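Visitor: My questions all concern the structure below.
The values are calculated or read from the model by the stated rules, or taken from the named source; none is laboratory data. Here the structure is a predicted model, which means the values were calculated and not measured. Don't worry about glycine lacking a Cβ; one is built from the backbone with ideal geometry, like all the others, and counts go over all protein chains shown. With ligands, DNA and RNA removed, areas are computed over all heavy atoms of the protein, side chains included. Shrake-Rupley method; radii C 1.70, N 1.55, O 1.52, S 1.80 Å.
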Amino acid sequence: MEKVEQRLITEDGRRIDGRALDEMRPVRIEAGVLDRSDGSAYIEMGKTKIYAAVYGPKEAHPRHLAQPHKAILNCRYHMASFSVEGRKAPGMTRREIELSKVIREALESIVILEEFPRSAIDIFIEVIQADAGTRTAGLTAASLALADAGIPVLDLCAGIAVGKVEGRIVLDPSEEEDKRGEADMPVAMAPRLGSIVLLQLNGRLNSSEFREALSLAKKGIDVLYELQRKALSKKFSGLTQIGED
Amino acid sequence: MYRIGEKPYPSKIMRDKLYELILRGERLDGRRPYQYRPLELKTSIIEKTDGSAMVNLGGTKIVAGVKTALGQPYPDTPDQGNIVVNAELLPLASSFFEPGPPDERAIELARVVDRCVRESKMIELDKLVYVHGRTVLVIYIDVYVLDYDGNYFDPSVLAAVAALATAKIPLYEVRNGDVIAKTESRFGLPVRKFPVSVTVGLIGDKILVDPTSLEESAIDTSIVLGWSDDDEMAAIQKNLQGLIRFDTIDEVIRVSREKSVELRTKLMEVLGRVGAPS
Amino acid sequence: MTDYVRERDVVTPGQLLSDDQRTAGAHTYVYGGKVYAAVAGIIQYRDSRINILPSKSPYKPSESDFVVGIITDSKPSHYEVDLGWHLVGFLHNLGRRSRIRLQIGDVVYTQVKNSGIRGVFLEGGQKLVKISRGLLIRVSPVKIPRIIGKKGSMLNVLNSESGCRLYVGRNGLIAIVGESPEKELAVASAIKMIEEESHLPGLTERVTHHLRKKIVGGEILGEG
């Protein structure tokens, strides 16, 4: 207990991994990475590594769950048992059930569900390595996977966490900062719709800190959004001539 | 071309009606947009608990009970007591709820209550350690929704906080490494904050607080904000599908803060009457 | 009238396409009087409408589409037909006078009578064909127009070069019925080629060459 914990932010405003306060971890985003699914995506943010896949629209099961005027979305956010320090029990934890719900609700706000009555769209998010920010990275990948499947959406959505660490607001907290920080706020937005699709807060913030955190999140989300667009456009690169039908 | 935003008949006309009323500063049940339903709060209603409370918020009724026991701390917090929150949406409360293990809504409710209590640092958990790394106090909070007319978050947080604030636990003594309860004298938990949550519904560019279940089916989306005191938030949960427009956020924060002060004042009135620690 | 995109631009969902809602075409949506993209794809103007050509898209049945389906259930008044996507097609019983007898597992080729909130209803009359043998393959529904070709030109090539009869469903299922499995497989590989190279020029020539090499030339040179 006597061990003195290292400060998370240095005098000159650097974080323990060397990042500036408003700097996110290196990101990699790819679309169309799993062949069996109708649409898929992969995201890496630092050491966080996540696959997302979309199946459907397909028949809703059981059939009584089908809605006559729109598709239903099913979403499963799951962490592999080896994705964390130690070993996580393989089944769905309460945390995973809650996160599956908030991610699904975020996606329901952007998918044009009315287009596919009586059907179901399944979204699977599998975290193969968790190093903070998994729900927002998972949502970012899921949104991309939906677009990859050609399912009509109002906009893409992307998400990132902001944290309060030693009194300062930081973008994309690391696991260490998340654990020892004062607050963690996952945010996801559909930027072109000018809207928030997911918002949670764990920890304490006053209203001016909240505003600062939200605008910092917007900054990170704009970067992720551009990467999503690039990943999608890549599928069409080199298509210089489109045939007539 | 895709047709968007076509909701089925019953909720479309309800949405239009609700929005029309909100524009006039009114609501279906006669309330104003920023007005809560009547709140009733009673504590110490279940004798076999260490602390309990019942809350009626309009037609939504919640009961919360607190029990404590000795147990092992979590490996990552060897110097803190534990909080365990469970919530159930009982089938007797609404036809929307079904028997069976807690579904995702019940789990979400429990976790939002947990975050309000834990992140606000309501209870000084480091004062509930008897043997470091081995024996601590475990506080079980069970929340039951008995009657449901929308917004189960705010009354559940109120009930949990009131039950915790009025709970009485035995005095524990450590003798030769054993922890022994002296049941003849009971003490209150070390309470520092009184978190409350405010549920805000969004419809177009307008907002309202404390939606009923009818309003919940008509609004675009909703958001729960947990305030640990007059200045600080401890938890937020966007709940339900739908978009929150950037230009409504400032008003959401302002109104929820104002309402949290109002709810906390009512809570303190009740706690003051029963002589809770301040 | 202002458009923000040109022919063959690549767009992504949420992108503003035009201020004029009359230009809203396939895979777009209108919000606040403006036209936005709902999918990622390539812009194609047709009759002053902005359409997006995605690389994949779920099948959405519309009236008079020809489809290929599999009978999955037989009810007192109708058959249920799996169209490979989320919607089940309904086919009314054909009646005693019909020469066609259907069983679960049979493959049919027919037209969509109507498609709406109640389901997809299929033609059971003269237009219905029961496909009793052949090779069934599945392709992305957005590629079907290329497989058919302009006024059926590509289909003609596939048919005349191989002698196979093709039943092409808008839902992405295609039945290839030929004299031998070799010919059917040659057509299937040609269709795969069309799917993958639909954006490159000279496709018809390459498909012809591919089929001739596979069929006329017999088993030649270890190529694909």
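Visitor: From the residues in the stretch B:38-76 that are out of contact with any Lys or Arg (no Cβ under 7 Å at 6 or more places or on another chain), in contact (Cβ under 8 Å) with a residue 60 or more places away in the chain and assigned to a loop (DSSP other than H, G, I, E, B), which one is most open to solvent (accessible area, probe 1.4 Å)?
Guide: That would be B:SER44.
Visitor: Yes or no: A:SER119 under 28 Å from C:LEU87 (Cβ atoms), of a type in the set (S, T, N, Q) and surrounded by fewer than 24 Cβ atoms within 10 Å (Cβ to Cβ)?
Guide: Details: under 28 Å from C:LEU87 (Cβ atoms): yes; of a type in the set (S, T, N, Q): yes; surrounded by fewer than 24 Cβ atoms within 10 Å (Cβ to Cβ): yes.
For A:SER119, the condition - under 28 Å from C:LEU87 (Cβ atoms), of a type in the set (S, T, N, Q) and surrounded by fewer than 24 Cβ atoms within 10 Å (Cβ to Cβ) - is met.
Visitor: Inspect all residues belonging to the stretch A:95-104 and state whether any of them is within 21 Å of A:ILE221 (Cα to Cα) and either modelled with pLDDT under 90 or open to solvent by 10 Å² or more (accessible area, probe 1.4 Å) (or both).
Guide: yes
Visitor: I've got another one for you. Please determine whether any residue of the stretch B:177-192 is in a loop (DSSP other than H, G, I, E, B), within 21 Å of B:ILE236 (Cα to Cα) and in contact with a Lys or Arg (Cβ under 7 Å, 6 or more places away or on another chain). So that I can check it myself, show each step before the final result.
Guide: Applying the first criterion (in a loop (DSSP other than H, G, I, E, B)) to the stretch B:177-192 yields B:177, B:189-190, B:192.
Those left that are additionally within 21 Å of B:ILE236 (Cα to Cα): B:192.
From what's left, in contact with a Lys or Arg (Cβ under 7 Å, 6 or more places away or on another chain): B:192.
Within the stretch B:177-192 (the criterion being in a loop (DSSP other than H, G, I, E, B), within 21 Å of B:ILE236 (Cα to Cα) and in contact with a Lys or Arg (Cβ under 7 Å, 6 or more places away or on another chain)), the answer is yes, since at least one residue qualifies.
Visitor: Hey, another quick one. Scan the stretch A:129-160 for residues that are open to solvent by 10 Å² or more (accessible area, probe 1.4 Å) and among the aliphatic types (A, V, I, L, M) and jot them down.
Guide: A:ALA130, A:ALA132, A:LEU154
Visitor: Being among the small types (Gly, Ala, Ser), in contact (Cβ under 8 Å) with a residue 12 or more places away in the chain and closer than 19 Å to A:LEU201 by Cβ is true for just one of B:ALA165, B:ALA160. Which residue is that?
Guide: Numbers: B:ALA165 fails: closer than 19 Å to A:LEU201 by Cβ.
Step by step, each of B:ALA165, B:ALA160 is checked, and only B:ALA160 is among the small types (Gly, Ala, Ser), in contact (Cβ under 8 Å) with a residue 12 or more places away in the chain and closer than 19 Å to A:LEU201 by Cβ.
Visitor: Just one of (1) within 16 Å of B:LEU18 (Cβ to Cβ); (2) buried (at least 21 other Cβ atoms within 10 Å of the Cβ); (3) within 14 Å of chain A (Cβ to nearest Cβ) trips up B:ASP205, so point out which.
Guide: The one condition B:ASP205 does not meet is (2).
Visitor: Also, quick follow-up: Residues B:LYS61, B:LYS67, B:LYS12, B:LYS48: which one is closer than 30 Å to A:ASP155 by Cβ and either within 14 Å of chain C (Cβ to nearest Cβ) or at pLDDT below 95 (or both)? Step through it out loud before you land on a result.
Guide: On the way: B:LYS61 fails: closer than 30 Å to A:ASP155 by Cβ; B:LYS67 fails: closer than 30 Å to A:ASP155 by Cβ; B:LYS48 fails: closer than 30 Å to A:ASP155 by Cβ.
Residue meeting the stated conditions: B:LYS12.
Visitor: Among the residues of the stretch C:6-24 satisfying the criterion of being away from chain A (no Cβ under 13 Å) and open to solvent by less than 10 Å² (accessible area, probe 1.4 Å), which is farthest from C:ASN171 (Cα to Cα)? Talk me through it step by step, then tell me what you get.
Guide: First, pick out the residues of the stretch C:6-24 that are away from chain A (no Cβ under 13 Å): C:18-23.
From what's left, open to solvent by less than 10 Å² (accessible area, probe 1.4 Å): C:18, C:23.
On the way: C:SER18: 30, C:THR23: 26 Å.
Among them, the one singled out is C:SER18.
Visitor: Let me ask something additional. Could you list all residues from the stretch C:51-81 that are hydrophobic (A, V, I, L, M, F, W, C) and either closer than 28 Å to C:ALA40 by Cβ or not assigned by TED's automatic domain parsing to the domain that holds C:ILE117 (or both)?
Guide: At the first step, the residues of the stretch C:51-81 found to be hydrophobic (A, V, I, L, M, F, W, C) are C:52-53, C:66-68, C:70-71, C:81.
Across the stretch C:51-81, the qualifying residues are C:ILE52, C:LEU53, C:PHE66, C:VAL67, C:VAL68.
Visitor: Do we have B:VAL161 as of a type outside the set (Ser, Thr, Tyr) and surrounded by fewer than 15 Cβ atoms within 10 Å (Cβ to Cβ) here?
Guide: Details: of a type outside the set (Ser, Thr, Tyr): yes; surrounded by fewer than 15 Cβ atoms within 10 Å (Cβ to Cβ): no.
No; evaluated as a whole, the condition is false for this residue.
Visitor: Surrounded by fewer than 23 Cβ atoms within 10 Å (Cβ to Cβ) and assigned by TED's automatic domain parsing to the domain that holds C:GLY124: is that true of C:ASP47 in this structure?
Guide: Numbers: surrounded by fewer than 23 Cβ atoms within 10 Å (Cβ to Cβ): yes; assigned by TED's automatic domain parsing to the domain that holds C:GLY124: no.
So C:ASP47 fails the test.
Visitor: Something else about it: Please count how many residues of the stretch A:208-245 are modelled with pLDDT of 95 or more and in contact with a Lys or Arg (Cβ under 7 Å, 6 or more places away or on another chain).
Guide: Counting residues in the stretch A:208-245 that are modelled with pLDDT of 95 or more and in contact with a Lys or Arg (Cβ under 7 Å, 6 or more places away or on another chain) gives 1.
Visitor: So which residues in the stretch A:179-236 are in contact (Cβ under 8 Å) with a residue 24 or more places away in the chain and of a type in the set (Asp, Glu), if there are any at all?
Guide: A:GLU209, A:GLU212, A:ASP222, listed by residue number.
Visitor: What residue, of C:TYR59, C:TYR31, is open to solvent by 30 Å² or more (accessible area, probe 1.4 Å) and within 11 Å of chain A (Cβ to nearest Cβ)? It would help to see each step written out before you state the result.
Guide: On the way: C:TYR59 fails: open to solvent by 30 Å² or more (accessible area, probe 1.4 Å).
Result of the check over C:TYR59, C:TYR31: C:TYR31.
Visitor: If the Cβ limit is 6 Å and pairs must be 6+ apart or interchain, which residue in the stretch A:135-159 that is under 16 Å from C:VAL39 (Cβ atoms) and within 12 Å of another protein chain (Cβ to nearest Cβ) pairs with which residue that is open to solvent by 10 Å² or more (accessible area, probe 1.4 Å) and of a type in the set (Lys, Arg)?
Guide: Listed pairs, sorted by first residue: A:GLY150/C:LYS56; A:ASP155/A:ARG192.
Visitor: Going through the stretch A:164-208 one residue at a time, which ones are open to solvent by less than 20 Å² (accessible area, probe 1.4 Å) and more than 13 Å from chain B (Cβ to nearest Cβ)?
Guide: Across the stretch A:164-208, the qualifying residues are A:VAL165, A:ILE169, A:VAL170, A:LEU171, A:ASP172, A:PRO173, A:SER174, A:GLU177.
Visitor: Which residue is farthest from the other protein chains (Cβ to nearest Cβ), if the candidates are limited to the stretch B:243-259 and must be within 19 Å of A:GLY159 (Cα to Cα) and open to solvent by 10 Å² or more (accessible area, probe 1.4 Å)?
Guide: B:ASP247
Visitor: Let me ask something additional. When the stretch A:105-116 is examined, which residues are found to be open to solvent by less than 20 Å² (accessible area, probe 1.4 Å) and away from chain C (no Cβ under 13 Å)?
Guide: The initial filter retains those residues of the stretch A:105-116 that are open to solvent by less than 20 Å² (accessible area, probe 1.4 Å), namely A:105-107, A:109-113, A:116.
A:GLU105, A:ALA106 - these are the residues of the stretch A:105-116 that are open to solvent by less than 20 Å² (accessible area, probe 1.4 Å) and away from chain C (no Cβ under 13 Å).
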